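Working notes, beginning with the structure itself.
What follows draws every value from the coordinates through simple rules; no lab data is involved. Source: prediction; values computed, not measured. When we count neighbours, we look across all protein chains shown, and the Cβ atoms used for this are built from the backbone with ideal geometry, even at glycine.
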Amino acid sequence: MQIKEKLEVFRDFTLDVAKENSGQLTAQYEAVCRQELEEFRKNKQTEMEHRLQMEERSLRRQMNSRVSRELLHQKHILDECKRQWKEKLAEEIKILLKEYQKTADYHNFLVSRIRMAKKVAGKEAVIIYLNASDEDKKQELEKETETKLTISKIDFGGGIRAVVRSRNILIDESFLTKLEQEEMHL
């Protein structure tokens with residue numbers, strides 16, 4: 001074998017070894033690239049899931065904030081409607097009470113409340129107050145109930161108030177007190 005042939009065999013052998021090494025290196029490089037690509041995809045997937053969760057939380061907070069503001073706004077509207085309704089109802093009741101105070105039923109109511117106060121007091125001294133608006137009824141009520149009545153300096157809207165000092169009893173059958181009690185229940 002001549003040198004040319006030997007060189008040809010050596011060259012072929014070297015090329016085969018180089019091709020084999022190149023194939024192995026290329027396969028290793030491709031495997032590393034595939035692994036890095038897979039890790040990159042996993043990291044990006046995790047990052048995107050994290051961003052999605054953060055965005056979802058942010059949207060939920062914004063939505064909850066909006067819902068809370070709207071609920072508060074609706075509550076204010078409802079409270080204002082209730083307040084207006086109570087005022088209107090109170091005005092209508094006052095008008096009806098003024099009309100009632102002009103009737104015979106009101107006169108009978110006063111008589112029954114005066115007699116009830118006298119009964120509660122028994123033999124004790126009792127001061128029975130009439131509202132200033134009922135001053136015109138005083139004499140007739142005194143005759144009918146055989147009781148001395150006092151006109152109150154404080155307006156209590158009608159009805160009576162009575163005091164039995166010896167027993168520390170206040171009998172409050174005034175319309176003002178009754179209205180205040182009803183307002184608490186509304």
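Can you pull out every residue in the range 100-117 that is in contact with a helix residue (DSSP H, G or I) (Cβ under 7 Å, 6 or more places away or on another chain) and among the charged types (D, E, K, R)?
Answer for the range 100-117, where residues must be in contact with a helix residue (DSSP H, G or I) (Cβ under 7 Å, 6 or more places away or on another chain) and among the charged types (D, E, K, R): just R115.
From the list V126, V67, which residue is surrounded by 10 or more Cβ atoms within 10 Å (Cβ to Cβ), farther than 20 Å from K178 by Cα and more than 19 Å from the chain's Cα centre (by Cα)?
It is V126.
Considering only residues of the range 149-162 that are more than 42 Å from the chain's Cα centre (by Cα) and aliphatic (A, V, I, L, M), which is farthest from A125 (Cα to Cα)?
The qualifying residue farthest from A125 (Cα to Cα) is I151.
Taking L141 as meeting all but one of (1) under 46 Å from the mean Cα position of the chain (by Cα); (2) surrounded by 16 or more Cβ atoms within 10 Å (Cβ to Cβ), write down the number of the exception.
(1)
Please list, ordered by residue number, the strands (runs of 3 or more DSSP E) wholly in the range 77-186 having 1 or more residues that are polar (S, T, N, Q) and touching a strand residue (DSSP E or B) at 6+ places or on another chain (Cβ under 8 Å).
Qualifying strands (runs of 3 or more DSSP E): 149-151, 169-174.
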